[in-house]
Every structure is written in C-alpha cells, then in structure tokens.
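Asker: Input: one structure, supplied below.
What follows draws every value from the coordinates through simple rules; no lab data is involved. In this text the structure is predicted, and so the values were computed from the model without any measurement. Reconstructed Cβ throughout: ideal geometry from the backbone, glycine too, with neighbour counts over all protein chains shown.
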Amino acid sequence: MEGIKVEKRLSLSTSVKVLFEKIVSSDFADKFRGTKLDVSLLINLKTRLLRLLIALNDAEEKPITNPTVKEWFYMLRYVVFEVANFIDEINQVLNDSSSHFKRFDVLINSIMIKLLERLEFLSSRGEQKGVSNSFWNGSPPTNSVVVNESSIYGRDSDVEKLKNLLLLEDATDGDSSKTGIISIVGMGGIGKTTLAKLLYNDRKVEEKFRVRGWAHISKDFVISRVLETILESITSQTEISDGNLNSQLLQCLNEKRKDETSDVYSNLLVLTVQQILRTHVFLLVLDDVWDAKSVNWIYLMDILNVGETESRIIITTRDERVALSMQTFLSVHYLRPLESNDCWSLLARHAFGAWNNHQRSDLEEIGKEIAKKCDGLPLAAIALGAFLRINFSPDYWFNVLKSDILELMDYDVKHALQLSYHYLPAPLKQCFGYCSIFPKKSILEKNVVVQLWIAVGLVDTSADQEKVKEEYFDELVSRSLIHRRSIGDEEANFEMHSLIHDLATTVSSPYSIRLDEHNPSEMVRNLSYNRGLFDSFNKFDKLYGVKDLRTFLALPLQQKLPFCLLSNKVVHDLLPTMKELRVLSLSNYKSITEVPNSIGNLSDLRYLNLSHTKIERLPSETCKLYNLQFLLLSGCKRLTELPEDMGKLVHLCHLDVSDTTLREMPAQIAKLENLQTLSDFVVSKHDGGLKVAELGNFPHLQGKLSISELQNVNDPFEAFQANMKMKERIDELALEWDCGSTFTDSQIQIQSVVLEDLRPSTNLKSLTIKGYGGICFPNWLSDTLFINLVYLKISNCDDCLWLPPLGQLGNLKELIIEGMHSVQIIGPEFYASDCSPSFQPFPSLETLHFENMQEWEEWNLIGAIAIIRSWIQETNGPSKFS
C-alpha cells in the first residue's frame with residue numbers, strides 16, 4: 001500500500017517536471033513573447049513550479065501518515081493537471097496561425113493569475129502541513145560524522161591556520177587554569193560546521209586529543225542534555241579507564257539515569273564530565289552557539305573550562321558576540337565566502353558528481369554564472385548543484401540562471417538564512433528589512449544607515465544615537481546579517497551578502513522597494529533608485545498613486561558622481577505632493593539650483609540631503625520643517641548662506657555644511673542645542689553674529705568639527721567658554737584663521753590665548769591648525785596625554801619661529817607641516833623637550849611631510865637619525881619621508 005502512495009507522488013513530481021520543461025522550452029517561450037500576454041506571469045509560473053518540484057522531491061521518499069498532508073497531495077495534483085491542460089491549450093493556439101489570439105489576451109492573463117494564486121496557496125499550505133521541514137524549530141542537530149575532504153573547496157588556508165592553533169602546546173599565555181578556545185564565526189550556510197568536522201576528524205588532531213566530544217547547542221538548550229551528548233560522544237570513541245574514580249562515576253551515573261530530573265543525577269552528571277575532562281587533554285566542539293548572555297551558556301562554559309592548557313574548545317557561531325564573550329581564546333576566526341572558482345567547483349561537484357564534472361563543457365559557462373549568484377555561500381552552491389542535476393539541458397540551466405535564486409533554494413538553505421532573522425527582536429527586524437533599499441553589494445556606512453533608520457521612525461528618536469549605532473547596527477553585524485568588508489578594521493565599511501539581501505527584500509516587500517527592480521504599489525513606504533545621467537519625469541510618473549511614501553532616496557548616497565540631471569517637474573510638482581515623506585535625498589543632481597518654497601509643506605520630513613547640488617541658498621520655508629533632524633548640504637560649493645530662522649529647527653541633530661562657501665552663519669545656530677554633528681562653525685565678525693563661545697551650547701557634539709574665521713575672536717575668554725576640552729566625542733578638529741592676513745601685536749596675543757583655550761579633549765584622533773598668527777604653539781599640542789592623536793597637520797602659520805616637541809606624541813602616524821615661512825631651524829626641541837639618549841621620538845610615525853618651508857636653513861639630524869633608523873628597521877628604508 002505504501003508503494004502505491006510513493007508511486008503517486010512520483011507521478012505528481014514527474015508531471016510537474018514535464019510541465020516545467022514544456023514552458024521553459026525555447027520554442028514555447030519565443031512564441032509566448034510574441035504575443036501581448038503578460039510575460040511576468042509566465043516567469044512567475046516557472047518559479048512557482050521550480051519551488052514545487054523541490055518540495056515534492058523533498059517529500060517523495062517520506063510515507064504519508066497525516067490525513068491533511070494526503071489531502072494536500074490530491075488537491076495539488078488536480079491544480080497541476082489544470083495548469084498542464086491550460087498550457088496545452090495555449091500552445092495549440094500559438095501553433096495555429098489562423099487563430100485570432102489577440103482577442104483572448106485579457107482572458108488568458110486572468111486565468112493564469114487565478115491558477116498562480118491557487119498554486120501559491122497550496123504551496124504555502126504544504127509548508128504549514130509538514131511537507132517541508134519547519135523553519136522555526138531551530139537548527140537540526142549536528143554530529144561529528146566524518147566529511148569527505150575531496151568535496152570541500154577553498155578552505156585549505158582556514159584548515160591550516162586553525163589546525164596549527166589546535167596543535168599548539170601553550171594556548172593561554174601561561175594561565176594553567178584556562179582552556180584554549182577557538183571560535184569560528186560566520187553567517188548561516190557558510191560552512192562553519194563542515195570546517196569544525198574537518199578539524200575534529202583530522203588524524204593529527206585525533207592523536208593529540210585522547211578525549212574528544214561534540215555537542216550541538218540549540219537556541220534554547222538544556223545543560224543536562226548537552227552534557228549527556230558530550231559524555232556519549234566521548235565514551236563512544238574512547239574507553240575511559242583512567243583510574244577507578246572515572247569508572248565509578250560512570251557506573252553510578254548509569255544507575256541514576258532513570259531519574260534524569262533529580263538534582264542528584266544533574267550534580268553527578270556535572271561531576272562525571274568534569275572529572276573526565278580534568279584528567280585528559282580533550283577537544284570539545286560546541287556547534288551552532290546562539291546566545292552568549294544566557295545563564296545556561298555561562299554556566300555551561302564554567303563547567304567545561306576545567307582542562308589542561310593543551311585542551312581545546314571549538315565554538316561555531318553566527319553571532320560574533322558569542323566569540324568575543326570568552327574570557328580566554330586563541331582565535332576568533334571569521335569564515336568568509338568562497339572565491340568564485342571554488343564556489344563553481346563545489347556546485348559542479350554536486351551537479352555532475354565526483355568524476356564527470358568536465359564532461360558537460362557546454363554547461364560550464366552558464367554554471368559559472370549560476371555559481372556567482374551563490375555569492376560564495378557553500379550551502380547554496382550544494383543546494384543549486386543538486387537541483388541542476390535534475391536536468392542537463394542548457395535551456396533548463398539558463399532558466400535557473402534567470403530565476404530568483406532564493407526562491408529556488410531548498411528548505412535547508414532557507415532555514416539557515418532565515419533563522420538569524422527569525423530570532424531578531426522586532427525593531428531589528430524592521431531595520432534589517434529597510435536595508436533592502438540599497439542595491440546588492442552596496443557599501444553600507446554605519447552612520448548613514450543609522451540616520452535613515454532614525455529618520456523613518458524605526459528607532460526610538462529619544463535614544464542616544466551613538467548608542468543606537470552600537471546596539472542596532474552592531475547587533476546585525478554580530479549576527480552575521482551585515483558583515484565588514486575588511487575584517488579587523490573598526491572604521492570599515494560594511495555590506496550584505498547577496499542571499500541575505502534577497503532575504504531582506506523578501507521580508508520588506510512590498511513596503512520597501514527599489515524602483516529600478518519593482519513597480520511601486522500603493523503599499524510602498526520606502527523607495528530608492530539608481531541615479532541616472534538624466535532622470536526624466538517619466539521615470540517617476542507611477543508614483544502619483546502612492547500616498548504614504550516615507551523614503552525617496554537617490555543612490556548612491558556617498559559617492560561623488562558625474563554631471564547628473566533630474567527633471568524640474570519631479571522637484572517642483574511631484575515631491576511636494578508626498579506629504580508623508582520623512583527621508584528625501586536628491587544629492588549629486590547638478591541640475592538642482594534652487595529648492596522650491598513648497599519644501600515647507602513636508603512637515604514630517606526628518607532627513608533632507610541636498611549634498612553636491614548647485615543650490616546657492618535654502619528658502620526661509622525650510623525653517624518650517626519642525627521635525628527635521630538631518631540637514632546635509634556638503635559639497636554645495638555655491639551655498640553662501642543659511643536661513644536666518646534656523647533656530648526654529650529645534651530637533652535638528654546633524655548639520656553638514658562641509659566643503660561649501662559659507663562665510664557667515666546665522667546667529668540662531670546657537671539655539672540648536674540638540675546638535676550632535678556640526679561640520680563647520682564660522683565665527684562672525686559682526687557684533688550680533690555667531691561667537692565662538694556659542695560652541696559651549698553644544699555638549700553632545702561628535703565626529704568632525706571645523707572652526708573657521710578665528711581671527712574674528714576679539715575676546716579670548718570666548719574661546720574658554722567654548723569648552724572644547726569637554727567635548728570628548730569630537731574625533732577630528734580643524735582650527736582655522738584667515739590665511740595671508742596681517743595681524744597687530746594685540747591680535748597676535750589674542751590668537752595665542754585663543755589657541756591655548758581651544759585645547760581639545762585627549763580623545764581627539766585628528767587635528768589641523770591653519771593660518772594661526774602666533775609666534776609659538778601652546779604646550780598642550782605636544783602633551784603626551786594625546787594618546788589617540790594619529791594625524792596632525794600644521795599649515796600656513798607664517799609667524800611661528802619654531803616647531804613644538806611633537807616627537808612626544810607616541811601614537812602619531814602622519815605629520816604634515818607646510819607653509820611655515822618663519823621656521824629657519826629644526827632642532828632637538830622638535831623631537832622632544834628633553835631628548836635623552838634612550839628616548840625614541842615619533843615611535844609610531846609612518847609619514848613625515850614637509851612642504852613650502854621657504855626660510856628653512858638647518859635641520860639638526862641627531863633626532864632625525866633616530867627616526868630614520870627605526871624606519872629602516874621596519875620598512876627596509878626611509879620610504880615614509882617626503
């Protein structure tokens with residue numbers, strides 16, 4: 001009876017396969033495109049059938065015991081036959097040149113839509129009824145079974161590095177109480193478990209570790225179950241006979257096993273595991289760890305961390321925080337996607353088998369393109385390879401290439417990708433989905449992404465934005481949903497893996513879309529598009545029916561682009577109708593020379609980016625944008641003024657006017673006490689204008705700040721009131737006076753006091769001093785407390801007679817000195833105020849640059865030789881000197 005059931009399912013699978021091959025045939029597809037029928041419906045049908053075929057193949061060998069699942073098969077068979085008959089009818093009409101096919105376009109499109117809806121409904125019901133594995137039961141338990149090394153590609157360097165760490169004799173810098181911990185971190189499906197298996201079963205590893213154990217750590221694991229798994233894993237491989245105590249404990253534990261819930265059994269289990277680990281050099285693998293903060297995890301690690309210093313624990317996790325939470329570890333190893341060639345080799349192995357992967361050279365070119373869509377994810381390559389094995393016709397493979405890869409993935413791959421998303425807190429799910437408005441492989445700048453989240457209301461606006469950046473964005477990075485483009489670089493840019501991006505697109509659709517890829521529906525809330533050289537109004541005319549658009553984003557945001565134009569009709573007619581807009585970015589459009597007064601009607605606007613446009617001013621109506629938090633005008637080289645009523649923008653947090661031609665700023669800037677970013681502060685020369693003392697109103701400033709026109713400071717006490725020393729979040733500071741001006745003696749004295757009182761926080765990383773009119777620099781400039789200062793530029797300080805003892809700045813990496821026209825001698829004071837023989841000046845310096853030193857006559861080389869010698873030792877030559 002069971003055989004009959006399997007036969008029926010096989011016939012259904014075969015029916016779907018035959019139907020699929022019929023509609024992907026080049027003859028049918030070409031004729032279909034020659035009509036006025038909706039080609040997107042045909043593409044949708046192909047994708048739906050492919051997914052259905054995967055589900056049927058997955059269920060094919062499983063007996064049907066659930067009546068509702070049995071009913072699902074019957075209903076599905078009926079719909080598949082309906083679709084097959086309908087396609088046959090269309091095919092007949094297509095082959096009959098005398099038919100008046102055009103009359104039936106609307107009717108046929110309508111029928112196809114209904115059939116697709118029925119297939120979609122049944123597919124979703126199949127998932128609900130158990131035809132596929134449930135996504136949300138956590139990861140299936142793993143084991144230490146040996147993997148075939150010949151089927152692993154592109155991991156030789158990973159294996160070699162981690163194997164060397166395993167075989168090290170001293171793991172913990174002499175701390176005899178700590179076991180060496182190796183963490184393997186990466187996104188779902190990247191191959192962490194496979195790599196751990198290769199290491200676990202390596203011959204040399206087996207020889208070193210007499211005791212080895214493997215345990216899968218689920219999201220909500222039970223400590224006793226994990227310890228039992230470890231114990232069973234150990235005893236199945238090794239005869240634990242060292243001493244009577246081990247044998248007695250094992251015997252006693254077996255006797256108490258019948259009452260697994262008792263405290264006596266739990267305590268004895270812990271004691272047994274610890275005793276075995278304590279008396280052996282062991283290797284444990286804790287696979288797929290999720291939560292480093294859970295009490296269970298902390299307690300489990302306390303139990304297991306009892307071995308000798310040569311013992312090792314390997315942890316695999318998709319959450320970086322798990323790895324970094326370990327008090328002692330040998331290495332946090334980030335597993336990266338495979339290179340393109342390795343990914344193709346893996347896919348080909350599973351498509352063609354181990355021996356005949358070179359017998360179908362006609363498929364290699366298409367196959368390599370399909371492999372690229374896996375974006376280096378091994379699990380995806382394996383799944384697609386198995387799927388391509390169904391049919392070796394070029395048409396079939398070409399159709400897979402043109403399909404949505406995430407739609408084709410089997411349930412194991414989807415499970416691996418979606419699990420990280422599923423366990424996200426609700427606010428983070430929305431933030432993750434919003435990232436889909438960026439194209440695949442986009443550079444994601446942390447600050448930019450967080451600003452957009454805040455502007456559209458995905459983040460609590462009352463929260464500290466620096467905290468948001470750390471807790472929201474960094475958590476997505478930790479969970480491997482966003483990854484650093486350069487490992488180990490704290491200032492690195494980020495990106496999303498292509499399949500993770502597909503997942504973000506799936507969960508956010510139809511509310512967040514890219515106009516280049518999807519037509520907007522009335523449900524769309526967040527929209528982005530790639531900026532073109534000329535974006536005519538026709539590109540956006542479909543947006544007239546969209547009433548609740550929140551985001552209108554021209555991309556890319558960060559890059560300066562060539563001459564790009566946007567239809568004035570979009571700026572003056574379309575955008576003012578979008579009253580719900582919160583984010584509006586029209587950066588890099590050189591055709592934008594003015595902002596319409598109607599901007600003031602967008603009362604919900606939080607984020608306005610007009611950077612690198614040709615605007616000369618903003619209308620006063622801009623100050624009606626009461627909710628505006630981000631005003632970005634960098635690179636607007638024609639911008640000469642800001643509206644006088646800027647003080648009305650009481651919620652403004654970020655004002656970027658860098659690289660503009662502003663020579664004056666409205667005095668009302670001083671009222672914006674919520675400012676966290678202020679790129680430029682222009683000191684006014686007028687009595688009622690903006691004074692440097694007003695900087696004291698901004699205690700939360702962070703990032704970059706340039707203070708210019710400092711020659712306009714008449715009362716040096718105002719510099720003290722600026723309270724720069726307490727602005728601990730300022731990373732980069734520029735202090736600028738008007739170059740080329742002639743100053744009186746009293747003005748020079750004022751400038752000396754001003755520079756002294758503008759002493760920044762010792763957290764500063766970058767400092768530029770330009771046009772300073774004093775004859776000497778303040779002592780703080782060479783203070784050894786500036787341990788974070790890595791960049792210093794001093795330029796056009798024409799009256800300074802000598803350079804300060806900058807050699808004392810222990811972490812300074814780049815020093816640029818230019819236009820110092822009064823400096824004649826660079827002596828020992830340049831290296832350090834007290835140059836003892838053992839002192840090494842500029843210990844971290846990488847670049848020393850002098851330029852336009854017109855009066856420079858003598859350089860005392862005693863200190864310079866010490867610098868050059870250190871450079872020779874590090875770089876085989878003084879190549880850093882210019």
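Asker: With r as the distance between the Cβ atoms of Lys579 and Tyr423 and R0 = 45 Å, compute the FRET efficiency 1/(1 + (r/R0)^6) and round to 0.05.
Answerer: 0.75
Asker: A further question follows. Quickly work out the Phe86-to-Glu160 label distance, labels modelled 7 Å from Cα along the C-beta direction, and quote it in nm with one decimal.
Answerer: Label-label distance for Glu160 and Phe86, simple model: 5.7 nm.
Asker: Let me have the relative contact order for segment 550-603, percent, based on Cα pairs under 8 Å that are six or more residues apart.
Answerer: Working: 52 pairs, mean separation 27.3, N = 54.
It comes to 51 percent, rounded to a whole number.
Asker: With +1 assigned to the C-beta of every Lys and Arg and -1 to the C-beta of every Asp and Glu, and no other charges, what is the dipole magnitude of segment 541-582 about the Cα centre in debye, to the nearest 20?
Answerer: Numbers: 7 positive and 4 negative charges, 21 e Å.
Value, rounded to 20: 100 debye.
Asker: What is the spin-label model distance, in nm, from Thr35 to Asp604 if the labels are put 7 Å beyond Cα along the C-beta direction?
Answerer: For the pair Thr35/Asp604, the computed spacing is 4.3 nm.
Asker: From the gyration tensor of the Cα coordinates in segment 310-354, what semi-axes in whole Å does the equivalent ellipsoid have, largest first, with each one equal to sqrt(5λ)?
Answerer: 33, 12, 9
Asker: Assuming R0 = 56 Å, can you tell me the calculated FRET efficiency for the pair Glu857 and Ser340, based on Cβ-Cβ distance, to the nearest 0.05?
Answerer: About 0.45, to the nearest 0.05.
Asker: On to the next question. Checking the table Lys441/Lys539; Lys547/Lys704; Lys637/Lys685; Lys204/Lys373; Lys648/Lys704 against a 26 Å threshold on Cα-Cα, which pairs fail?
Answerer: Result: Lys547/Lys704; Lys204/Lys373 exceed 26 Å.
Asker: Taking just the C-alpha trace of segment 257-349, give me its Rg and Dmax in Å.
Answerer: Expressed in Å, the Cα Rg and Dmax of segment 257-349 come to 17.7, 55.
Asker: Let me ask something else. Jot down the radius of gyration and Dmax of segment 722-866, Cα atoms only, both in angstrom.
Answerer: Reported Rg and Dmax, both Å: 14.8, 43.
Asker: Another question, then. What order, most packed first, do the peptides 714-721, 665-672, 513-520 have when packing is the mean number of other Cβ atoms within 10 Å of each residue?
Answerer: On the way: 714-721: 17.0, 665-672: 19.2, 513-520: 15.5.
The densest-packed peptide leads the list: 665-672, 714-721, 513-520.
Asker: Take the Cα coordinates of segment 648-797, assign each an equal point scatterer, and use the Debye formula without solvent to give log10 I(q)/I(0) at q = 0.14, 0.19 Å⁻¹.
Answerer: Values returned for q = 0.14, 0.19 Å⁻¹ are -0.63, -1.22.
Asker: OK, next. Which net charge results for the neighbourhood of Met726, defined as the other residues with beta-carbon distances under 13 angstrom from its beta-carbon, given Lys and Arg at +1 and Asp and Glu at -1?
Answerer: Taking every other residue near Met726 into account, the sum is +2.
Asker: For Asn447 and Lys368 in one chain, what is 0.36 nm times their gap in residues minus the Cα-Cα distance, to one decimal in nm?
Answerer: Full extension of this stretch gives 24.8 nm more.
Asker: Could you check the spin-label model distance between Val264 and His651? Points 7 Å from the Cα along Cα→Cβ, value in nm.
Answerer: Placing both labels 7 Å beyond Cα along the Cβ direction yields 6.5 nm.
Asker: Only Lys, Arg, Asp and Glu count, each charged at its Cβ (+1, +1, -1, -1), so figure out the dipole size of segment 182-234 about its Cα centre, rounded to 20 debye.
Answerer: For this selection, approximately 160 debye.
Asker: Can you divide the C-alpha Rg of segment 493-575 by 2.2 N^0.38 Å and report the result to two decimal places?
Answerer: Normalised Cα radius of gyration, segment 493-575: 1.17.
Asker: Would you mind giving the three semi-axes, in whole Å and largest first, of the ellipsoid equivalent to segment 601-688 according to its Cα gyration tensor?
Answerer: After scaling each eigenvalue by five and taking roots: 18, 16, 12 Å.
Asker: Quick one: which residues, 5 or more positions from Ser587 or on another chain, have an amide H under 5 Å from its amide H? H modelled 1.01 Å from N in the peptide plane, none for Pro or chain starts.
Answerer: For Ser587, whose amide H was placed from the backbone, the distant partners under 5 Å are Ala554, Ser611.
Asker: When the gyration tensor of segment 624-664 is built from Cα positions, what are the square roots of 5 times its three eigenvalues, in whole Å, from largest to smallest?
Answerer: Three semi-axes, in Å: 19, 12, 7.
Asker: Report, in debye and to the nearest 20, how large the dipole of segment 613-672 comes out about its Cα centre when Lys and Arg carry +1 and Asp and Glu carry -1 on their Cβ.
Answerer: 60
Asker: Using alpha carbon coordinates only, what is the Rg to Rh ratio of segment 593-636, with Rh defined as the Kirkwood radius?
Answerer: Details: Rg = 10.0 Å, Rh = 10.6 Å.
Rounded to two decimals, Rg over Rh is 0.94.
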